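Heads up: the structure comes next, in structure tokens.
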């Protein structure tokens with residue numbers, strides 16, 4: 001197994017599954033969390049390690065940087081790649097893994113958001129709990145009418161709307177349900193994360209009839225409405241080991257996570273209000289022009305960088321994404337054009 005992003009939450013849970021089921025780990029790729037990476041290297045003894053600080057790692061082959069990731073994929077014998085890298089950085093490894101004929105268990109949502117039109121979907125198994133939930137429901141089911149995924153609502157879901165634009169970083173990072181990485185927690189608060197997951201679902205399941213709702217408990221991950229009027233929901237504990245187990249093992253017949261206690265659970269649903277989450281205004285338009293996901297992703301990553309450095313307010317993130325989306329009415333015709341558009345959009349947002 002090849003694990004890209006081994007020190008993040010997805011990577012850590014993937015290695016838990018590998019240890020539990022006795023799976024071989026050939027490659028580990030991680031960034032600056034050297035202490036955890038060294039623990040993982042000692043435990044799993046990978047043949048190849050890619051690290052931001054290669055001098056601190058002891059393994060048969062140690063590489064660094066994006067080129068190191070691509071080289072590791074070429075050197076590796078393993079046919080399964082778990083891509084849990086964060087952001088646009090994950091795209092080239094996804095493309096390289098597919099080019100090499102490997103299967104990709106994909107948690108890097110940006111790969112499909114920016115390049116879904118150019119990615120062989122049969123080589124992809126999604127790890128996101130929402131898309132896993134949709135896949136789970138659709139096994140041996142009738143033709144669906146509408147797909148639904150759920151959102152937690154993020155750290156600011158109960159804030160007065162007039163105060164949201166001026167929220168500070170520490171406010172945005174106080175997720176009500178769990179602790180995640182910085183970028184995905186910000187994306188949860190802006191609802192960009194769910195916008196990306198809607199676009200992912202478009203590429204994975206081939207329909208524009210996709211929507212999202214806020215479900216505050218994060219126990220229901222997806223729902224499918226059928227033509228006969230029935231609706232099936234997928235509910236489980238918010239534990240990424242479940243979708244990861246299916247992605248890496250293919251078939252699971254034992255308990256991976258404890259079942260939820262329905263008597264102790266309460267489910268409510270709320271609409272995603274574009275007054276609270278301004279990026280939601282472009283959802284329908286983006287589904288009609290899904291190739292423009294590259295614009296949204298580049299603008300989002302550039303805007304978050306400016307928010308973190310203090311030159312943008314929280315409200316500026318959504319504002320700049322919408323401005324960029326309206327300015328760049330482009331649809332890439334090749335992988336090369338994706339990288340060109342990405343650079344142009346980032347430069348635009350950096351200059352705002």
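What follows draws every value from the coordinates through simple rules; no lab data is involved. Remember, it's a predicted structure, so these values are computed and weren't measured experimentally. All Cβ positions, glycine included, derive from the backbone under ideal geometry; neighbour counts span all protein chains shown.
Computed values, structure above
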| read-out | value |
| --- | --- |
| Percent of beta bridges antiparallel (DSSP, the chain, rounded to nearest 5) | 30 |
| Rounded Å value of the spacing that divides the Cα centres of the stretch 157-236 and the stretch 270-339 | 16 |
| Relative contact order for the stretch 127-199, counting Cα pairs under 8 Å that sit 6 or more residues apart, in percent | 33 |
| Hydrodynamic radius by Kirkwood, which averages 1/r over all alpha carbon pairs of the stretch 289-352, in angstrom | 11.5 |
| Inter-site label distance for residue 351 and residue 326 at 7 Å from Cα along Cβ, in nm | 1.8 |
| CD proxy at 222 nm, helix term only [per DSSP H run n ≥ 4: -39500 (n - 2.57); per residue of the chain; nearest 500] | -13000 deg cm²/dmol |
| Extended-chain gain in nm, criterion 0.36 nm per residue less alpha-carbon gap, residue 74 and residue 24 | 16.3 nm |
| Computed lengthening from residue 255 to residue 146, 0.36 nm per intervening residue step minus Cα-Cα distance | 36.3 nm |
| Net length gained if the chain between residue 166 and residue 217 were fully extended (0.36 nm per residue, minus Cα distance) | 15.8 nm |
